[in-house]
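Scroll down for the structure; my scribbles are underneath it.
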Amino acid sequence: MSAVDPTLAARAGTIAPSQPDSAVRTIGRGLEQAPILRQGLGVTWLLAALGATGRVVVPILIQQAIDRGIVGEDEVRLDLIVQMAVLGAVAVVISGVSFRWAAKRLGERSERALYDLRVRLIRHIHQLSLADHNEERRGGLVARVTSDIETLAQFFQWGGLAWLLEGTLMAVVAGVMLAYNWQLALVAFAVGIPLVFVLRAVQRRLVRAYDIARTRNGEMLGAIAEVVSGAPTIRAYGAGDAIEEQVDEVVADKADAQIRATIIGAFLFPSGEVFAAVTVAAVIGVGVWQGPASGLTAGALVGFVFLTYRFLEPIAAFTEVLDQTQTAVAGLRRVLTVLDLPIGPPPAPEPVALPDGSLAIEVRDVTFAYPARADTPGIGMSAPALSAIDVSIPAGQQVALVGATGSGKTTLGRLLARFSDPTFGEVLLGGVPLTMIARPDLRNRLVVVSQEPFLFDDSIATNIGFADPAADRQRIEEIVDTLGVRDWIDGMTDGLDNRVGERGDQLSAGERQLVALLRAGLADPDVLILDEATSSVDALTEVRIARALERLAGGRTTIAIAHRLSTAARADRVIVLEHGRLVEDGHHDELVERHGVYRRLYDAWVSATAVSRDR
Amino acid sequence: MEHTGNWSVVSGTVLLEPPAVSAAIDDPAAPAAVDDGARLARLRRNARFLWAITTIHPKLFAVAIAGAAVFAASTIVSSVVLGWVIDDVILPRFEDGEVAVGTVLTGLALILGVGMIRALSIVVRRVFASTMQWRVAQTLTGRVVDQLVRQPIAWHSRRPDGDLVARAGVDTETTVGVLAPIPFATGTVLMVVGSTIWLFVIDIPMGVVAAIVFPLLVATNVVYERAVAQHSARAQNQLGDFSAGVHESFEGVQVVKSYGAEERETVRLSHLASDVRESRITAIKIRSWFEAFLDAFPSMTNIGLVVLGAWRVETGDLTVGEISSVIFLFQLLVFPLRLIGYTLSELPRSIAAWERIDEVVTEPREPDPAERIEPAPVGVGVELDTVTFAHVDGGPPTITEVAMSLPAGSVTAVVGPTGSGKSTVAQLVVGLLGPSAGTVRRAPGAAAIVFQEAFLLAGTIRENVEFGASFSDDELWDALSLAAADEFVRNLPHALDTIVGERGVTLSGGQRQRVALARAMIRQPSLLVLDDTTSALDPATEATVLGNLRSRLTNASVVLIATRPSTIALANDVVFVDGGRVAAQGENDDLLRDVPRYSELVEAFEADRGTSS
């Protein structure tokens, strides 16, 4: 990856879509990424070619048997036929074994190559900046690693082998046909080859039709998912009949689209049959017209009829493979596009070690703009989320970042954690620019606790232990006591071994935050960035969270991205952002007196949380 | 999925037995007596399945089968024609040097004619088979959707959302996956039987070869499909685990990055990926042998046929054309025979999917709990008369003997800690749940509920407010203004007709909530329940909306499930629920003074207000 260009346009350009590569170039780049595939490809092809020759044995044997064993002589020469048959059988066995080897080699190597590609892709995606990991892109990133690579696997299992085998087979069969009788061969080619164009034309329409069917299927699943997730609302409003009618329509649309696609497909295979009949009739007609005078024999003509079928078979297979190939190339292209995304904040080339002890933070003239969405036309970035922020936070200070939604407080938190680099300006930790700190060093000293903490579908203990894989059970037990949540853990059916469910959905929102705090506690960082929760939490859990937070934050430099102004009121210092600019900075009491932005936010907050009605 | 290769023809369809006893084919000498019962049961299960899905659209199925039968017949005829052309056109021309032009033209016309009939029969079969396939899928999905819409939410809550969607979607596709090849497989069986008879007619030794080779080829295919299916099924499951792992890992990317665990996650996922790889490679090794064998076996048979044929020509029992015709027929049958193996291997999967659908579809319709609500006495809005509710019959109750009577036109806040049964009360009063014991009474008129998470359809604002009913534009705007949603809706690109959701405009949580409120308001309910709706609304909007409501619907009773002091402040009365029982009821200030548990709960919010007071 190249160094980061500090201009807005250039940085945006790395993410905006570029011209797609051609198929050939895509395949070439794919092979570069998967060197295993290229190794021994020649041998595999040779084996495949040998395997293909098995298919011409029978037509040749028929010709030989008819001309030399049956028709040519006065009596049937069984001994000669048996000899030839044995020879043919040996050839078939050899070609069969070669074919098996070729298939195994290709299959094994492609699976290895795809595995490598998957791992490389996962590693790359995990190193992408958080900005590349937004909600809209996540599904796509998962699809790159799973379904797109699967299209490649599908291709190698069927199409890749077909490319090796059918292509060779057609060449071998064509060669044998030309050797028997070049005029007849040309007749067969002339009549048979147009099949390719017919098949291609039908197939293109088929692909489009299947695209539509897939889209309709997605719409159908979406509509059904709505009926399921909206069941209480639908029920409560007695809207069942109306909704069912709508869904039935979408279901019917999907069936219609599928039927349209399969009807196009229904004409694909028969066209092969029609061409076979016409070609065979042409070959026989011309052969009979030529007669023995041209040197043609009865056996050769019969053998030729069989060869004609052998010649047309791969055409049908081939055209199908072409589609699969297109799908696979498109999949590969998407995979390569992700690999081309520059990885997130680049690692420090010559890392500087962080000083021991508590760390101060310095934000120097920082401006940040998110890259423009890929679907917005042109190159560019959205309006800056942060403009010229300058702030210095001494070691051990408890700071609250405050501002309305969209004020940039979350963005600033992300820059402090180096989830992204500022577009302009720099952030220093303990006097060292973030860009010069080795990633493991930074992650050991600074931890972010998100407002919607993500939990893995595992036990509470495993989720806490995620912070430090070296931590044993005892340390996890200790941190539970240190943060004072022993009573909560003991209240769980299985204590620390309680499973949390998918995304932690077996726990309440507040309990998920507790796990996240325990996780941060285990990491024992010097700097803590807390992205506070907005969701309401029941009182008891609220109390536990507050207590755990207090113990966790003690003695550490703490930046709380505060949604509850009670947090701001308790902090040493409040930094207020508005529209990406730092507008107020000071202690809570001071700012309340000032009657500015903070005071307005605070008044709104107080009225929202007032208990009695005497407002 | 595994199955034995035993199949038989019953009422025109291929039946097979997916084995409970997987050793059956490996050990043909397995004691038959023990298996007979189970085998019969399996056969009955298959028959029931095929009967059920082919009789959904029987006419389409019949035409597809007819097409397949014509294909079978014309395939056999095409080999006969080739034999005739060789004997009567090609050989005379090359041996005697002469052949009548008329004979040549007849021969060519026959080849073309039979080829066209064959092609046409394929078109007919495929068109009707796939039309049937997707119409059956449509019918099955429709049946599931009907259940989804008709069953009460107690039924829904017993099933994971994803599972229900899978049954309506993926399972129907898997079920019908076997439908399209059934006519072809049936045609192939006819073709095999017909060819074997035909070969016995031409020459008994040839017939014997066919009687041995065809079943052997089918058996090999079945063994093959079984051997590979096991490994590909394992690979498929492992791929599922891998995909889930990737999804989870990317979803948790912020945590992963926070703790510098990128490499650890990559290694963890690479283990899952390597499981997939290993299973696939094993499957490839097996498959490549079978593929090679299935490629070589017909060639070997044909080589044998050439020798056998030459001997039969010598003895004068066969002509050259007839041998060629037999060899040609064998070649034409290789592909259809492979498809039988595929169909047989797909059947168990389809049956499993169909049974999952059937399970949902055949469940009896549960009674609508709303019908059990009784009319309330005059002046009472809602009344719970010693109501107990348990999600599972006889299970631990969510609420126990709750009694409350809310006057018509009152605003009541239901307050309680998480898990105290607040939401259950909300769903009971609107009739989404029915009490396990006790009675719910309600004043006449509509009841409306707005949930914590507003549910919007992927459709227009209009559709979302109308929600199955129909209202005038004036009524719509009026409701939107009551819900304080008119302003932002007016600013949307197509106002009422703006599409919201995935393919449209993304609304914020508060905007979604206000659209949901408008949906409730437009129905002018006599009872309105807001289930913690305010978590998405700011306090000012909340107060505005409630004020609008009180001024318009003076007789409506309002129940607020509240977790925010500002919400509680809007109510006349508070019902404090704790541990599934009504712990106290009265005015907020009184409860704060007299009920320590209540004041503890609410003071947590007070405490959160920090130093302000």
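Pairing residues of the range B:197-218 that are surrounded by 14 or more Cβ atoms within 10 Å (Cβ to Cβ) with residues that are at pLDDT 85 or above and among the β-branched types (Val, Ile, Thr), at Cβ distances under 6 Å and at least 6 apart in sequence or on separate chains, gives B:TRP198/B:ILE76; B:MET206/B:VAL326; B:ALA210/B:THR196; B:ALA211/B:THR196; B:VAL213/B:THR301; B:PHE214/B:VAL192. The set of residues from the range B:284-320 being within 37 Å of the chain's Cα centre (by Cα) and more than 8 Å from every other protein chain (Cβ to nearest Cβ) comprises B:ILE286, B:PHE290, B:LEU294.
Within the range B:321-333, residues that are touching a residue at least 60 places away in the same chain (Cβ under 8 Å) reach partners that are of a type in the set (Asp, Glu) and part of a helix (DSSP H, G or I) with beta carbons closer than 6 Å, at six or more positions or on different chains, in the pairs B:GLY321/B:ASP87.
Checking B:SER288, B:SER299, B:SER249, B:SER325 one by one, the residue that is out of contact with any strand residue (DSSP E or B) (no Cβ under 9 Å at 6 or more places or on another chain), surrounded by 23 or more Cβ atoms within 10 Å (Cβ to Cβ) and under 24 Å from B:THR220 (Cβ atoms) is B:SER299 and no other. When A:PHE267 is tested against (1) under 54 Å from the mean Cα position of the chain (by Cα); (2) touching a residue at least 12 places away in the same chain (Cβ under 8 Å); (3) more than 7 Å from chain B (Cβ to nearest Cβ), exactly one condition is not met: (3). Which residue is farthest from the chain's Cα centre (by Cα), if the candidates are limited to the range B:443-463 and must be more than 10 Å from every other protein chain (Cβ to nearest Cβ) and buried (at least 23 other Cβ atoms within 10 Å of the Cβ)? Ranking the qualifying residues of the range B:443-463, first place goes to B:ALA443. Residue pairs whose Cβ atoms lie under 6 Å apart, separated by 6 or more positions or on different chains, with the first residue in the range B:138-164 and closer than 23 Å to A:GLN258 by Cβ and the second crowded, with 20+ Cβ neighbours inside 10 Å and of a type in the set (Ser, Thr, Tyr), are B:LEU140/B:THR172; B:THR141/B:THR172. Apart from one condition, A:LEU178 fits all of (1) modelled with pLDDT of 80 or more; (2) within 23 Å of A:LEU31 (Cα to Cα); the exception is (2). The residue that is farthest from the other protein chains (Cβ to nearest Cβ), counting only those in the range A:294-343 that are under 36 Å from the mean Cα position of the chain (by Cα) and among the hydroxyl-bearing types (Ser, Thr, Tyr), is A:THR325. Would you point out the residue of the range A:484-504, among those that are of a type in the set (A, V, I, L, M) and farther than 23 Å from B:GLY260 by Cα, that is nearest to the other protein chains (Cβ to nearest Cβ)? If we take residues in the range A:484-504 being of a type in the set (A, V, I, L, M) and farther than 23 Å from B:GLY260 by Cα, then A:MET492 is nearest to the other protein chains (Cβ to nearest Cβ). Looking across the range A:360-388 at every residue that is farther than 17 Å from A:THR557 by Cβ, outside any loop (DSSP other than H, G, I, E, B) and of a type in the set (A, V, I, L, M), the one that is modelled with the highest pLDDT is identified as A:VAL366. Evaluating A:ASP468 against the criteria (1) at the interface with chain B (Cβ under 9 Å from one of its Cβ atoms); (2) in contact (Cβ under 8 Å) with a residue 60 or more places away in the chain leaves one unmet condition, (2).
Considering only residues that are within 36 Å of the chain's Cα centre (by Cα) and not in a loop (DSSP other than H, G, I, E, B), look in the range A:524-544 and name the one that is modelled with the lowest pLDDT. Spell out the reasoning first.
Narrowing the range A:524-544 to residues within 36 Å of the chain's Cα centre (by Cα): A:524-537.
Among the residues that remain, those that are also not in a loop (DSSP other than H, G, I, E, B) are: A:527-531.
Numbers: A:VAL527: 90, A:LEU528: 89, A:ILE529: 89, A:LEU530: 86, A:ASP531: 82.
This residue is A:ASP531.
State all residues of the range B:354-392 that are surrounded by 13 or more Cβ atoms within 10 Å (Cβ to Cβ) and assigned to a strand (DSSP E or B); if no residue qualifies, say none. Passing the criteria: B:VAL380, B:GLY381, B:VAL382, B:GLU383, B:LEU384, B:ASP385, B:VAL387, B:THR388, B:PHE389. The set of residues from the range A:145-165 being of a type in the set (Gly, Ala, Ser) and facing chain B (nearest Cβ under 9 Å) comprises A:SER147, A:ALA153.
Scanning the range A:8-59 for residues that are at pLDDT below 75, assigned to a loop (DSSP other than H, G, I, E, B) and not hydroxyl-bearing (Ser, Thr, Tyr) yields A:ILE15, A:ALA16, A:PRO17, A:GLN19, A:PRO20, A:ASP21.
Going by the conditions given, is A:ALA103 modelled with pLDDT under 90 and more than 7 Å from every other protein chain (Cβ to nearest Cβ)? Steps first, answer last, please.
Numbers: modelled with pLDDT under 90: yes; more than 7 Å from every other protein chain (Cβ to nearest Cβ): no.
For A:ALA103, the condition - modelled with pLDDT under 90 and more than 7 Å from every other protein chain (Cβ to nearest Cβ) - is not met.
For the condition modelled with pLDDT of 80 or more, more than 10 Å from every other protein chain (Cβ to nearest Cβ) and touching a Gly at 6+ places or on another chain (Cβ under 8 Å), what is the one hit in B:VAL559, B:VAL574? Reasoning before the result, please.
Details: B:VAL559 fails: touching a Gly at 6+ places or on another chain (Cβ under 8 Å).
Answer to the selection: B:VAL574.
Scanning for something over 33 Å from the mean Cα position of the chain (by Cα), buried (at least 16 other Cβ atoms within 10 Å of the Cβ) and either away from chain B (no Cβ under 14 Å) or under 26 Å from A:ASP356 (Cβ atoms) (or both), does the range A:455-463 turn up at least one residue? Checked the range A:455-463: no residue is over 33 Å from the mean Cα position of the chain (by Cα), buried (at least 16 other Cβ atoms within 10 Å of the Cβ) and either away from chain B (no Cβ under 14 Å) or under 26 Å from A:ASP356 (Cβ atoms) (or both). Consider A:VAL86 carefully, then state whether it is modelled with pLDDT of 75 or more, more than 11 Å from chain B (Cβ to nearest Cβ) and surrounded by fewer than 16 Cβ atoms within 10 Å (Cβ to Cβ). So A:VAL86 does not fit the description; no. For the condition surrounded by fewer than 23 Cβ atoms within 10 Å (Cβ to Cβ) and of a type outside the set (Lys, Arg), B:GLY416 does not qualify. Could you tell me whether A:LEU514 is under 22 Å from A:PHE466 (Cα atoms) and either touching a residue at least 60 places away in the same chain (Cβ under 8 Å) or surrounded by 21 or more Cβ atoms within 10 Å (Cβ to Cβ) (or both)? Answer is yes for this residue. Filtered by the rule that a residue be assigned to a helix (DSSP H, G or I), without any contact (Cβ under 8 Å) to a residue 12 or more places away in the chain and buried (at least 20 other Cβ atoms within 10 Å of the Cβ), the range A:229-243 gives A:ALA231, A:PRO232, A:THR233, A:ILE234, A:ARG235, A:ALA236.
Which one is farthest from B:ASP368 (Cα to Cα) among residues in the range B:127-146 that are surrounded by fewer than 20 Cβ atoms within 10 Å (Cβ to Cβ) and more than 7 Å from chain A (Cβ to nearest Cβ)? Working first, answer last.
Filtering the range B:127-146 down to residues surrounded by fewer than 20 Cβ atoms within 10 Å (Cβ to Cβ) leaves B:139, B:142-143, B:146.
Checking which are more than 7 Å from chain A (Cβ to nearest Cβ) leaves us with B:139, B:143.
Values: B:THR139: 25, B:ARG143: 19 Å.
Selected residue: B:THR139.
When B:ILE111, B:ILE182, B:ILE86, B:ILE153 are checked against the criterion of being more than 50 Å from the chain's Cα centre (by Cα) and either surrounded by 21 or more Cβ atoms within 10 Å (Cβ to Cβ) or among the aliphatic types (A, V, I, L, M) (or both), a single residue qualifies: B:ILE86.
The values are calculated or read from the model by the stated rules, or taken from the named source; none is laboratory data. Since the structure is predicted, the reported quantities are computational estimates derived from the model, not experimental observations. Note: ideal-geometry Cβ built from the backbone for every residue, glycine included; neighbour counts use all protein chains shown.
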